[in-house]
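Student: The following block contains the structure, expressed as structure tokens.
Throughout, read-outs are computed from the coordinates displayed, never taken from laboratory work. Note that the coordinates shown come from a computational prediction; the quantities given were computed from them, not determined experimentally. Note that each Cβ is placed from the backbone with ideal geometry, even for glycine, and that neighbours are counted across all protein chains shown.
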Amino acid sequence: MEQPVSTQPPATGAFQGRHVLGEIYGVDPGLLNDEERLCALLREALTEAKATVLDVRSHHFAPQGVTVMALLAESHASCHTYPEYGCAYVDFFTCGTAADPAEALHNLSKALRPTRYHVVVLDRGVPALPIPLTASGKAHP
């Protein structure tokens, strides 16, 4: 078994991400059941928040409700609607600092015109900790 020879931090530094969860209430049920419009609104909200949208997929449930998922270069976003309750639950996660998931949630909420919404923000990541390296240059387990 190789022994660690260095405790220098990795050159790339730390991982940083932000996870924003939203509960949006008092939205027009017709809008919450409009799959095409929701896809467009999510894409616009993300683009305005500087996220790089790679793909958007959706599914309309019978008799009502829509799920929209966006694959981002920075991570992902999702929106799940419940027209019968006038609400949507959204999830935005981005890595790095270029895209702002809180802004994306604000943009989407503004477009949905809710009576109220609730937000939870989670800062995620791993600090730049020293990683022991073996004599061969591989990270020590």
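Student: Pop out the Kirkwood hydrodynamic radius of region 11-80 from its pairwise C-alpha distances, inverse of mean 1/r, in Å to one decimal.
Tutor: Numbers: mean 1/r = 0.0745 Å⁻¹.
Hydrodynamic radius (Kirkwood, Cα pairs) of region 11-80 is 13.4 Å.
Student: Mind listing the phi-derived Karplus ³J(HN,Hα) values for region 88-93, rounded to whole Hz, using 6.51, -1.76 and 1.60 with θ = phi - 60°, and x for any glycine or proline?
Tutor: Running phi through 6.51 cos²θ - 1.76 cosθ + 1.60 with θ = phi - 60° gives 9, 10, 10, 9, 10, 10 Hz.
Student: Oh, and also: Using the 2.2 N^0.38 Å rule of thumb for compact globular proteins, work out how region 16-124 stacks up: its C-alpha Rg over that value, please.
Tutor: Details: Rg = 12.8 Å, N = 109, 2.2 N^0.38 = 13.1 Å.
After normalising by residue count via 2.2 N^0.38 Å, the value is 0.97.
Student: Extending each Cα 7 Å along its Cβ direction at A73 and R57, get the distance between those two points in nm, one decimal.
Tutor: Once both label points are built, they end up 2.1 nm from each other.
Student: Could you pull out every residue, at least 5 positions away or on a different chain, whose amide H is within less than 5 Å of the one on H76? Hs are placed 1.01 Å off N in the peptide plane, and Pro or chain starts have none.
Tutor: Amide H to amide H, under 5 Å and 5 or more residues apart or across chains, H76 pairs with F93.
Student: Using the Karplus curve 6.51 cos²θ - 1.76 cosθ + 1.60 with θ = phi - 60°, work out ³J(HN,Hα) for each residue of region 75-80 in order, rounded to whole Hz, and write x for Gly and Pro.
Tutor: Running phi through 6.51 cos²θ - 1.76 cosθ + 1.60 with θ = phi - 60° gives 2, 7, 8, 9, 9, 10 Hz.
Student: While we're looking at this one, here's another question. First select every other residue whose beta carbon is under 11 angstrom from the beta carbon of R18; then total the charges, Lys and Arg +1, Asp and Glu -1.
Tutor: Working: positive: R124; negative: E74, D100, E103, D123.
Cβ neighbours under 11 Å give a net charge of -3.
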